[in-house]
Amino acid sequence: MKKILYNEEIISIVVDLKDAKEGLDFFSSDEDFIQVGTWNYEKGKILPLHYHNKFERTSYRTSESVYVVKGKVECNLFTESGEFIEKVILKEGQLIIQLSQAHEYIILEDSVVLEVKNGPYFGPDKDRTRIDKV
């Protein structure tokens, strides 16, 4: 796992699922707007029947997690004003958790990617801002 920081704040987390720890392991913190973790259990493990309770949550931004099922994707990280921070190459079996700042993706090989975000989604005009790179 690699945590990418900007101004001492974790903005992204890169995870290779080949390194999944045994049991339940979360990469995001309890305070993040998106919760991402792995299950690594042996055959026969039963996760008890449950549901998640309803209660009001407040989310001030959309966070996303992108998992590369097949292929290779370049993820370039920028500040919200368009200043470059870092380039990350995501390969099959890797994921990135985007917690803040800006990002762009470039598909380097034919790819299948799973994207998960917190909701509700308010549409592209309200939910995201396009920026020019500095």
Test: Val88 is within 14 Å of Tyr67 (Cα to Cα), out of contact with any helix residue (DSSP H, G or I) (no Cβ under 7 Å at 6 or more places or on another chain) and either loosely packed, with under 15 Cβ neighbours inside 10 Å or of a type in the set (Phe, Trp, Tyr) (or both): no
Test set (1) at pLDDT below 95; (2) open to solvent by less than 100 Å² (accessible area, probe 1.4 Å) - Tyr60 fails condition number: (2)
Some residue of segment 4-15 being in a loop (DSSP other than H, G, I, E, B), at pLDDT 95 or above, within 25 Å of Arg130 (Cα to Cα) and not β-branched (Val, Ile, Thr): yes
Residue in segment 114-121 that is at pLDDT 95 or above and open to solvent by less than 70 Å² (accessible area, probe 1.4 Å) present: no
Residue pairs meeting the criteria (Cβ under 7 Å; at least 6 apart or on separate chains; first surrounded by 11 or more Cβ atoms within 10 Å (Cβ to Cβ), in segment 1-13; second of a type in the set (Lys, Arg)): Ile10/Lys3; Ile13/Lys3
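The values are calculated or read from the model by the stated rules, or taken from the named source; none is laboratory data. Values in this document were obtained by computation on a predicted structure and should not be read as measured data. As a convention, Cβ positions derive from the backbone with ideal geometry for all residues, glycine included, and neighbour counts pool all protein chains shown. Quick note on the areas: whole protein, heavy atoms, side chains included, nothing else; ligands and nucleic acids left out. Shrake-Rupley method; radii C 1.70, N 1.55, O 1.52, S 1.80 Å.
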